[in-house]
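Here's the structure we're looking at; comments come further down.
Where a number appears in this text, it was derived from the coordinates with a stated rule and is not lab data. Just so we're clear, the structure is a prediction, and the values are computed from it rather than from any experiment. Neighbour counts run over all protein chains shown; Cβ positions are idealised from the backbone, glycine included.
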Amino acid sequence: MTARLVDIPILGAMSAAARASAPADALTAHLAAQLGAWPPAGPLVITTSGARRRPAWDGVVRKFAGVRTPEGAVLSVPQELLDAVRRVTAGARSLDDARFPLESVLGGVLAEAVFRWTERPAELPPLGAWDDDGRYAAGVGIKRHDEHGWEIAVGTEEHARGRGLARRLVATAASAIVARGKVPLYFHAMDNEPSARVADAAGFPDRGWRLLFVLPRAAEG
């Protein structure tokens, strides 16, 4: 049983040079728009953005967002908390130094997920989502966060796992995104090893970047 191949246009009219530079430029524009500043100008940058007030791609307003890299972190908080967060994190030499006072102001637990992006998706054969017998096998979705950064999500039905379908779908979607001058993004939980393997195989290296978000505290007995 095989998945049906489909003819999916990958490359648009962009030149090779434009395609090479577009993802990195789009990444910077995406993070600057979403967080309010990018790249980090130091080990810990506290800022705000209009994105803290606007519904995201799924209609949810996210009052906190952040990205950490080996070089530093940018944390975006609501305007009304900006001064308080800057005050309690003043002098912090890293995000870890600021974690507990930051959580006290934000009222939750700071959590992380793996933040991946790519300039060069893996060159894998494009793939459709249906088996030859008509059963749905796997699918990919695009979350258009803004005009610069598009996140890829993929899912594979249990009967179709272990056949490399997810990595081919992700690579296909990533190539199409790059061809449109956007940066493909791929996020997964820290302990999601299957998703990490898909990302590696599809050309999304783990650069040590982390997506930061706040989880509500567990209710105390």
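Membrane-span-like helices of the chain, defined as complete DSSP H segments with a Cα extent of 18 Å or more along the helix axis and a mean Kyte hydropathy of at least 0.0, are identified as 16-35, 165-179. Loop-located GluC sites (Glu not before Pro) in region 137-206 (DSSP state not H, G, I, E or B) with no more than 14 neighbouring Cβ atoms inside 10 Å: Glu147, Glu157. Simple rule: put +1 on each Lys or Arg Cβ and -1 on each Asp or Glu Cβ in the chain, find the dipole, and look at Ala176, Pro194, Thr156; the Cα lying farthest toward the positive end is Ala176. Mean-square fluctuations from a GNM of the chain, with a 10 angstrom spring cutoff on Cα atoms, peak among His148, His159, His188 at His159. Its residues counted as N, the chain yields a C-alpha radius of gyration over 2.2 N^0.38 Å of 1.12. Taking the Cα centre of the chain as origin and assigning +1 to Lys and Arg Cβ atoms and -1 to Asp and Glu Cβ atoms, the resulting dipole is close to 400 debye.
Its residues counted as N, region 104-175 yields a C-alpha radius of gyration over 2.2 N^0.38 Å of 1.42.
Over the C-alpha atoms of region 35-114, the Rg to Rh ratio, Rh being the Kirkwood estimate, stands at 0.94. Going from the residue with the fewest nearby Cβ atoms within 10 Å to the one with the most, Asp146, Asp132 rank Asp132, Asp146.
Shown for Leu215, Leu31, Leu124: other C-beta atoms within 10 Å of each C-beta, ranked fewest to most, produce the order Leu215, Leu124, Leu31.
Computed 3J(HN,Hα) for region 109-125, one whole-Hz value per residue from the Karplus formula 6.51 cos²θ - 1.76 cosθ + 1.60 where θ = phi - 60°, is 9, 6, 10, 9, 9, 6, 9, 10, 8, 9, 9, 9, x, 4, 8, 10, x, glycine and proline marked x.
Note on region 146-184 and region 41-108: Cα centroid distance 29 Å, given to the nearest whole angstrom.
Largest GNM mean-square fluctuation across Ala171, Ala98, Ala37, computed for the chain with C-alpha springs under 10 Å, falls on Ala98. Quick check for me: using +1 on Lys/Arg Cβ and -1 on Asp/Glu Cβ, what's the dipole size of region 106-221 about its Cα centre, in debye to the nearest 20? With only Lys, Arg, Asp and Glu charged at Cβ, the dipole is about 280 debye.
Loop-located chymotrypsin sites (Phe, Trp or Tyr not before Pro) across region 53-130 with a Cβ neighbour count of 13 or fewer within 10 Å are Trp57, with loop assigned by DSSP. Between Val109 and Leu215, Arg217, the built amide H atoms are under 5 Å apart, and every one of these is 5 or more places off in sequence or on another chain.
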